[in-house]
Amino acid sequence: MAQIIDGNLVAKITRQYAADLVAQAELRGISPGLAVVLVGEDPASQSYVRMKERDCAEVGIKSFDYRRPAEISQAGLNGIIDECNSDSGIHGILVQMPLPDGLDAEEAIARISPKKDVDGFHPLNLGRLVRGLPALRACTPWGVMAMLDHYGIDPAGKRAVVVGRSTIVGKPMALMLLERHATVTVAHSRTQDLQAVCREADILVAAVGRPHMITADHVKPGAVVIDVGINRTDSGLVGDVEFATVEPVASWITPVPGGVGPMTRAMLVLNTAQAASVSD
Ligand code: GUN
């Protein structure tokens, strides 16, 4: 039976560390602030944003709410980002994705000051990740790395398979595992014989957004299985991994909920605390 990777526990430790950084910044007269930009009424985005703002409050980060209707123009959105970029009381800017149709996410992301890009989505921060340089890093994959580290799971020399090639998770996840000396494969919807590819993995990261698509047949006995999926179904929140059948096969597994989700939010407050710590 797999051991459980407890995202709530590692997130709590991470938030404590972020709170320590916030306290140190306060001593230097800096009061860390995060701008949360939510455009439209998507219920999932509203609930994520609520939780992110609650996490900020817990560690002493001020959050500044910018809620706008889906009809806002690109110029209007750009204006909010410009305002946040030049506000010295704001150290992190989060534009909740996905943006409603008609708004250009790439334009918005590129407009955020890279120093305030606590999502790690800006091309400069992604480029620095590719180059192995310090940078603000995408919260979900960076949170996965923090969980592996907490449990002493060292990717060096292991076969890692990342299923999913999104810019938010799959691609940066692959780069972070590569940086830690894993042999990395990125699988996706066009991958032939996905089961066989997944069965090669010592560390299997599922980030596709399809409920329960990874079953015991995809998992090598003793593998570490990380489930990034958060799928809303009629039977509640489920991951990309069929937990019940995979748990007996894996050595370690993240549950949904209580796995990667809390870590994503914890890394956001950590990134914000760190961005504030290096600000003048
Ligand atoms: N939508 C899904 N995940 C994320 C995230 O990590 N950051 C933002 N801004 N939007 C998201």
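The values are calculated or read from the model by the stated rules, or taken from the named source; none is laboratory data. Just so we're clear, the structure is a prediction, and the values are computed from it rather than from any experiment. Reconstructed Cβ throughout: ideal geometry from the backbone, glycine too, with neighbour counts over all protein chains shown. Please note that ligands, DNA and RNA were not included when accessible areas were found on the heavy atoms of the full protein model with its side chains. Shrake-Rupley method; radii C 1.70, N 1.55, O 1.52, S 1.80 Å.
Given (1) touching a residue at least 60 places away in the same chain (Cβ under 8 Å); (2) open to solvent by 70 Å² or more (accessible area, probe 1.4 Å), identify the lone condition not met by VAL224.
Only one criterion is unmet by VAL224, namely (2).
Quick one: would you say ALA138 is without any contact (Cβ under 8 Å) to a residue 24 or more places away in the chain and either closer than 22 Å to ASP117 by Cα or open to solvent by 70 Å² or more (accessible area, probe 1.4 Å) (or both)?
Spelling it out, it is not the case that ALA138 is without any contact (Cβ under 8 Å) to a residue 24 or more places away in the chain and either closer than 22 Å to ASP117 by Cα or open to solvent by 70 Å² or more (accessible area, probe 1.4 Å) (or both).
In region 1-47, what residues are open to solvent by 20 Å² or more (accessible area, probe 1.4 Å) and either in contact with a strand residue (DSSP E or B) (Cβ under 8 Å, 6 or more places away or on another chain) or among the small types (Gly, Ala, Ser) (or both)?
Selection gives GLN3, ILE4, ALA19, ALA23, GLY29, SER31, ALA44, GLN46, SER47.
More than 14 Å from the ligand (Cβ to nearest atom) and open to solvent by less than 10 Å² (accessible area, probe 1.4 Å): which single residue out of ALA276, ALA266, ALA244, ALA216 fits that description?
Answer to the check: ALA276.
Suppose the filter is open to solvent by 20 Å² or more (accessible area, probe 1.4 Å) and in contact with a Leu (Cβ under 7 Å, 6 or more places away or on another chain); does SER88 pass it?
no
Could you list all residues from region 40-50 that are within 14 Å of the ligand (Cβ to nearest atom) and either touching a Lys or Arg at 6+ places or on another chain (Cβ under 6 Å) or not aliphatic (A, V, I, L, M) (or both)?
Scanning region 40-50 gives GLY40, ASP42, PRO43, SER45, GLN46, SER47, TYR48, ARG50.
Within the bounds of region 165-181, is there any residue that is of a type in the set (A, V, I, L, M, F, W, C) and in a strand (DSSP E or B)?
Among the residues of region 165-181, not one is of a type in the set (A, V, I, L, M, F, W, C) and in a strand (DSSP E or B), which makes the answer no.
Go over the candidates ILE93, ILE81, ILE109 one by one and state the one that is under 17 Å from the mean Cα position of the chain (by Cα), part of a helix (DSSP H, G or I) and either among the aliphatic types (A, V, I, L, M) or within 14 Å of the ligand (Cβ to nearest atom) (or both).
After ruling out the rest, the residue left standing is ILE109.
Scan region 107-122 for residues that are over 17 Å from VAL169 (Cβ atoms) and free of Cβ contacts under 8 Å to residues at least 24 places away in the same chain and jot them down.
If the condition is that a residue be over 17 Å from VAL169 (Cβ atoms) and free of Cβ contacts under 8 Å to residues at least 24 places away in the same chain, then ALA110, PRO114 are the ones that fit.
Can you tell me which residue within region 65-78, out of those that are outside any loop (DSSP other than H, G, I, E, B) and over 26 Å from VAL278 (Cα atoms), is farthest from the ligand (Cβ to nearest atom)?
ALA75
Would you pick out the residues in region 112-135 that are more than 12 Å from the ligand (Cβ to nearest atom) and either surrounded by 22 or more Cβ atoms within 10 Å (Cβ to Cβ) or assigned to a helix (DSSP H, G or I) (or both)?
Within region 112-135, PRO114, LYS115, LYS116, PRO123, LEU124, ASN125, LEU126, GLY127, ARG128, LEU129, VAL130, ARG131 qualify.
Is there any pair with a first residue in region 40-62 that is without any contact (Cβ under 8 Å) to a residue 40 or more places away in the chain and a second that is more than 13 Å from the ligand (Cβ to nearest atom) and hydrophobic (A, V, I, L, M, F, W, C) whose Cβ atoms are under 8 Å apart and which are 6 or more apart or on different chains, and what are they?
Pairs found: GLU41/ALA70; LYS62/CYS56.
Looking at the structure I just gave you, is MET145 assigned to a loop (DSSP other than H, G, I, E, B), within 15 Å of the ligand (Cβ to nearest atom), touching a residue at least 12 places away in the same chain (Cβ under 8 Å) and not small (Gly, Ala, Ser)?
Judged against the criteria, MET145 is not a match.
Read through the list (1) open to solvent by 10 Å² or more (accessible area, probe 1.4 Å); (2) away from the ligand (no atom under 15 Å from the Cβ); (3) not aromatic (Phe, Trp, Tyr), then give the number of the only condition that VAL162 fails.
Evaluating VAL162 over (1) open to solvent by 10 Å² or more (accessible area, probe 1.4 Å); (2) away from the ligand (no atom under 15 Å from the Cβ); (3) not aromatic (Phe, Trp, Tyr) leaves (1) as the failure.
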